[in-house]
Amino acid sequence: MNIQRKLVEKRYSKLSIYNGVAYFAATPDRPFDVSATIIPQARQILARVEERLAEAGSTKSDLLFVMVILSDRNYLSTFNEIWDEWVSDIIPPSRACVIAELTNPDMKVEFIIHARVGLAH
Amino acid sequence: MNIQRKLVEKRYSKLSIYNGVAYFAATPDRPFDVSATIIPQARQILARVEERLAEAGSTKSDLLFVMVILSDRNYLSTFNEIWDEWVSDIIPPSRACVIAELTNPDMKVEFIIHARVGLAH
Amino acid sequence: MNIQRKLVEKRYSKLSIYNGVAYFAATPDRPFDVSATIIPQARQILARVEERLAEAGSTKSDLLFVMVILSDRNYLSTFNEIWDEWVSDIIPPSRACVIAELTNPDMKVEFIIHARVGLAH
């Protein structure tokens, strides 16, 4: 069974697909919004996830597990409000959330994702 | 192939099963024990893992990978003693352990888990 | 379908294989190099990854996702240079990188990996 790579760059492929599972990370848009709240970055990362899923023929209903990494615990409640709205029309995936420093000091949130490859793929 | 979701809440499903693999996070019991040692929370999280595995028809022998996240490096040696006892009657899974802030300041340990779905499922 | 465990120790199996996927963590060599740069540890961990992959009949082309955990953001640019060279002869896997404290204060980098099991396995 082959591995499919999409959005291949020198350092990483933004999406790897194998045996019905899509593996990818997601970040907000660069340059990162530096306003005081996490609202813009949270909306951007969720839109990015939908974009990546579409590359695999999938939608947010196909998410298996989302590891959410926030750079500051103070972002948690606002992030959760935006997340909750985003998953309000699906059966939500499994999820864990931890607080950690991210590679760019202006990045407030990053995801590591496993998703089912869509039937349309 | 369908995704099975179990223990579905508004924010996340506590267990997602797809293609023979169960994806889930585990935490100790709420309200989190705030005593000085990690002993109660370590015992609770391991019991929780067994509960979640049972939902997938699995046992601890079916664990594939456990990412252990401790909120303080000082918990490591005690955590490892309790872990070692817990895996003493199985061939242990693969594992990594990192130190990071968790979403609740009283939570001392969290797991991210991939496990084989049990034959009984 | 069976789980195959390799390099089994009391605390964990260094490699677990199931349904065509190899799950493992990787670290640099012990005792950890404590020089000021991440160069030795970065080279060691990449060599370790190739060793583990070989146990699964795989090569670096089979990597699906690599979660890179660095203990200090200052290591990032040097780490990336070494990584970029390492993946220069393959289509690179998907990847995320976060900064977090590792279990040993002298360990500067750790990986959590999912890889395709090689055809030769």
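The numbers here are math on the coordinates, done by the rules we state, and not lab data. Model, not experiment: these values are computed from the prediction. All Cβ positions, glycine included, derive from the backbone under ideal geometry; neighbour counts span all protein chains shown.
Ordering A:25, B:61, B:112 by Cα displacement along the dipole of the protein assembly as shown toward the positive end leaves B:61 in first place; charges were set at the Cβ atoms of Lys, Arg (+1) and Asp, Glu (-1). Ellipsoid semi-axes for the protein assembly as shown, based on the Cα gyration tensor and the rule √(5λ), read 25, 25, 24 Å when sorted largest first.
Rounded to the nearest 0.05, the FRET efficiency derived from the C-beta distance between residue A:80 and residue C:119 at R0 = 41 Å is 0.40. Under the criterion of Cα pairs below 8 Å and six or more residues apart, the relative contact order for the range C:15-121 equals 43 percent. Each other copy places its own label point for residue C:82 at 3.5, 3.5 nm from this one, sorted shortest first, where the point lies 7 Å along the Cα-to-beta carbon line. Straightening the chain between residue C:19 and residue C:36 buys 2.0 nm, computed as 0.36 nm per residue apart minus the Cα-Cα spacing.
Relative to the longest principal axis of the Cα atoms of chain C, helix C:39-55 runs at roughly 0 degrees. For residue B:35, inter-copy separations between label points set 7 Å beyond Cα along the Cβ vector come to 4.7, 4.7 nm, shortest first. The range C:42-116 and the range B:92-121 have Cα centres separated by 21 Å. Distance to the B-onto-A rotation axis is smallest for one chain B Cβ; residue and value in angstrom are B:100, 3. Local charge for residue B:10 was computed over the other residues whose Cβ lies under 13 Å away, with Lys and Arg +1 and Asp and Glu -1, and equals -1.
Computed from Cα atoms, the angle from the helix A:76-86 axis to the main principal axis of chain A rounds to 40 degrees.
Neighbours of residue A:44 by Cβ distance under 13 Å: Lys/Arg scored +1, Asp/Glu scored -1, total -1. Applying 1/(1 + (r/R0)^6) with r as the Cβ-Cβ distance of residue A:7 and residue C:61 and R0 = 22 angstrom yields a FRET efficiency of 0.80.
The residues packed around residue A:60, meaning those with a beta-carbon under 10 Å from its beta-carbon, carry a net charge of -3 if Lys and Arg are +1 and Asp and Glu are -1. Each 10 Å bin, from zero up to the one with the longest distance, holds this percent of the alpha carbon pairs of the range B:13-116: 15, 52, 29, 4, 0.
Inter-copy label distances at residue B:47, shortest first and taken from points set 7 Å along Cα to Cβ: 4.7, 4.7 nm. Counting every other Cβ atom within 10 Å of each residue's Cβ, A:1, C:107 order from fewest to most as A:1, C:107. Taking every DSSP beta bridge that has both ends in the range C:4-116, the antiparallel portion is near 75%.
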